[in-house]
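Each reported figure results from applying straightforward, stated rules to the coordinates on display, with no laboratory input. Computed from a prediction, not measured in an experiment: that's the story for all the values here. In this analysis, Cβ positions are derived from the backbone assuming ideal geometry, glycine residues included, and neighbour counts consider all displayed protein chains.
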Amino acid sequence: MKKMIVLFLFLFLSNSAQAAVQTRVFEYQEGETVLQGYIAFDDAIAGKRPGILVVHDWMGFGPFANHKADDLAKLGYTALAVDIYGKGIRPKDAGEAGKLSGMYKGDRALLRKRILAGYEALKNEDTVDESKVAVIGFCFGGTTALELARSGAPIKGVVSFHGGLNTPTPMDAKNIKAKVLALHGADDPHVSQEEVKAFENEMNNGGVDWQFVKYSGAVHSFTNPAAGNDNSKGVAYNERADKRSWIAMKDFFQEIFK
């Protein structure tokens, strides 16, 4: 009997040790453009679960968004870090990033096509319940996440972390089916008070269920440690705002996926 118990414990612990967050990088397409995705999920969870799209900042597909996908997988979601720019297109510095992100901000139709391609790729994952999908984005990614909602995609929620809020087509808010959570640095110099007010008006006029949270002492990029700690530069990491905003996102997901 004791041997059987020991064997059972050995098998249980072995299986538990093998269960972990699984990741892979793969290619998907928008039209003729090849894009790169990073998928993460916990194989200890049986069956389908909500899926989360993660949209990178203006530096493009890379470790920051991929690590966020890992963190979401540990929370029980399947997360896909998407690629808006295209495979191998990675800005070398802020100057290149500004030009590249600006091109997509100036062509919202193309931006929507790129994020919709990621949405379709996520829905095709075996572990994803396609009726329960949300999107989060950071900086440029926050702008992109909001555009997915404005496109009318049948998603459950949007979370923008220090994202751009403006749009050339505010009337498209009427297409939004998702609940919206915008997490914002109270001292962010890159998003004007006029832009914030216009966003609030857009959400109200569109009849959207929305929340807007400001974090004191936080500027742009407050979730990214690589942004440094000098607020005078307009971009800086803020540990308190980073932690609080992540908790706000988790609570939001508990609400929309209940």
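Quick look at the numbers
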| item | result |
| --- | --- |
| Dipole of the range 22-256, positive end: most advanced residue of Y28, S131, N166 [Cβ charges, Cα centre] | S131 |
| The chain, helix-only ellipticity at 222 nm - DSSP H runs n ≥ 4, -39,500 (n - 2.57), divided by all residues, nearest 500 | -12500 deg cm²/dmol |
| 12 Å beta-carbon shell around V133, net charge (K/R +1, D/E -1) | +2 |
| Share antiparallel - DSSP beta bridges, the chain, percent rounded to 5 | 30 |
| Relative frequency of Cα-Cα separations exceeding 22 Å in the chain, percent | 54 |
| Under the span-like rule (Cα at least 20 Å along the axis, Kyte-Doolittle mean at least -0.5), DSSP H helices of the chain | 2-18, 108-123 |
| Full-extension gain in nm, A226 to F212, via 0.36 nm per residue minus C-alpha separation | 2.6 nm |
| Most positive-pole-ward Cα, M203, A46, F222, against dipole of the chain from beta carbon charges | A46 |
| Within straight-line cross-link reach of K233, aspartates and glutamates at Cα separation under 13 Å, skipping those fewer than 8 residues along the same chain | D187, D188 |
| Aspartates and glutamates whose Cα lies under 13 Å from that of K74, excluding same-chain neighbours fewer than 8 positions away | D42, D43 |
| Relative contact order (%) - the range 89-197, alpha-carbon pairs under 8 angstrom, separation at least six | 20 |
| Whichever aspartates and glutamates have a C-alpha closer than 16 Å to that of K250, once near sequence neighbours (fewer than 8 apart) are set aside | D70, D71, D242 |
| About the Cα centre, charge dipole magnitude for the chain (Lys/Arg +1, Asp/Glu -1 at Cβ), debye | 580 |
